[in-house]
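Notes follow once the structure below has been shown.
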Amino acid sequence: MVPEHKQSKATTFDFGPVEIEVALGAGPRITGYSRRGGPQLFAQLAGEVIEHPAIGTFRFLGGHRLWRAPEVPAVTYQPDGNPVRVEQDQDVVTITGAPDSDGIVKAISIHQRDSLTVVDHTLRHDGALAVSSAAWAITQLTPGGVAFLPAPNRPVDADGVLPNRSIAVWPYTDLSAPEIVFRPHEIQVAGSEQRTQAKIGQENRRGWIAYVLGDELFVKWSSIHRDDRSYADLGSSVECYRDHRFLELESLGPLTDLDPGQELCHREVWMLTRLDGASPDDVLASLPWDPLLVNQ
């Protein structure tokens, strides 16, 4: 794989079935992900920002980023507009950012296994004081499609009389909005251009979340929810946010106490494919729970 410089602040890697664009002047960020010759599903958001009076301007850029949970604006929205270190070791590309105010260094490593892209997210503590945090992997996608958050399909007790799911709802979310549809086997969130906001979260009991845009299907797997660990956002390990600019598919690892010198890793596995006229429901119903031992 030889990187191809598309512009001064990004470089593109050829991973065979997919091409991946990486930001050079911010991040770590994956700003593009597409099938070879296929359309770009990742949102391009060079002009979108979050302003916070205490820390300045966070620029979205779009695509895929690594944040820390829980969401605390003075920590979460710290600008990451410094140059990153991009290294290639055989078939693995690693993007490493600068330490944040707590000394946490974020890194994203990418490699390809046949049709699947493995994306490892690392938080390494180079600071002086212990920090409780979780890796929070966020993918911003172009509006116009539909996100799928699958519902658990197994009972939690032998008689099947106990609840087997819960959802977290953010205060700006209208559950009666047409963009949110509750179906027997999943929650669907439409990436419309309506100027409203919505966000929901749930436990990751099926291993994957997905987005369908036209004939393109994007799936990302992450670790099955662990009942012996604590999670941010009322116990959410997968989340979906939408507004008129983009739709986000998000996964979160468990909250972890990191002492200086320690690190944690959160893995996602991505698949990007054409439906070729097949029903999204049929394709998603056939997905494996754990295609590349995400949970090890």
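The values are calculated or read from the model by the stated rules, or taken from the named source; none is laboratory data. Owing to the predicted nature of the structure, the values given are computational and were not obtained by experimental measurement. Neighbour counts are summed over all protein chains in view; Cβ atoms, including those assigned to glycine, are modelled from backbone coordinates with ideal geometry.
For this structure, a couple of remarks:
Yes/no matrix, rows are residues, columns are (1) surrounded by 17 or more Cβ atoms within 10 Å (Cβ to Cβ); (2) over 23 Å from residue 34 (Cβ atoms); (3) touching a Ser or Thr at 6+ places or on another chain (Cβ under 9 Å):
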residue: 76; (1), (2), (3): yes, yes, no
residue: 88; (1), (2), (3): no, no, yes
residue: 93; (1), (2), (3): yes, no, yes
residue: 116; (1), (2), (3): yes, no, no
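- Taking residues in the stretch 209-230 that are over 13 Å from residue 141 (Cα atoms) and basic (Lys, Arg), and partners anywhere that are modelled with pLDDT of 95 or more and not in a strand (DSSP E or B), the pairs with Cβ atoms closer than 9 Å and at least 6 places apart or on different chains are 226/237; 226/254; 229/253; 229/254; 229/255.
- Strands (runs of 3 or more DSSP E) wholly inside the stretch 116-162 containing at least 1 residues that are modelled with pLDDT of 95 or more, of a type outside the set (Ser, Thr, Tyr) and in contact with a helix residue (DSSP H, G or I) (Cβ under 8 Å, 6 or more places away or on another chain): 131-141, 146-150
- Residues being under 21 Å from residue 266 (Cβ atoms) and not in a strand (DSSP E or B) - total across the stretch 48-94: 10
- Elements of type strands (runs of 3 or more DSSP E) in the stretch 224-296, at least 1 residues being within 15 Å of the chain's Cα centre (by Cα): 238-242, 247-252, 263-274
- Of residues in the stretch 11-38 being more than 17 Å from the chain's Cα centre (by Cα) and assigned to a strand (DSSP E or B), the one surrounded by the fewest Cβ atoms within 10 Å (Cβ to Cβ): 14
- The residues in the stretch 176-197 that are assigned to a loop (DSSP other than H, G, I, E, B) and either free of Cβ contacts under 8 Å to residues at least 24 places away in the same chain or of a type in the set (D, E, K, R) (or both) can be counted, and the count is 7.
- Pair list, Cβ under 9 Å, 6 or more apart: the stretch 143-155 residue under 15 Å from residue 198 (Cβ atoms), other residue aromatic (Phe, Trp, Tyr) and part of a loop (DSSP other than H, G, I, E, B): 143/246
- Subset tally (residues that are touching a strand residue (DSSP E or B) at 6+ places or on another chain (Cβ under 7 Å) and within 19 Å of residue 216 (Cβ to Cβ)) for the stretch 15-37: 14
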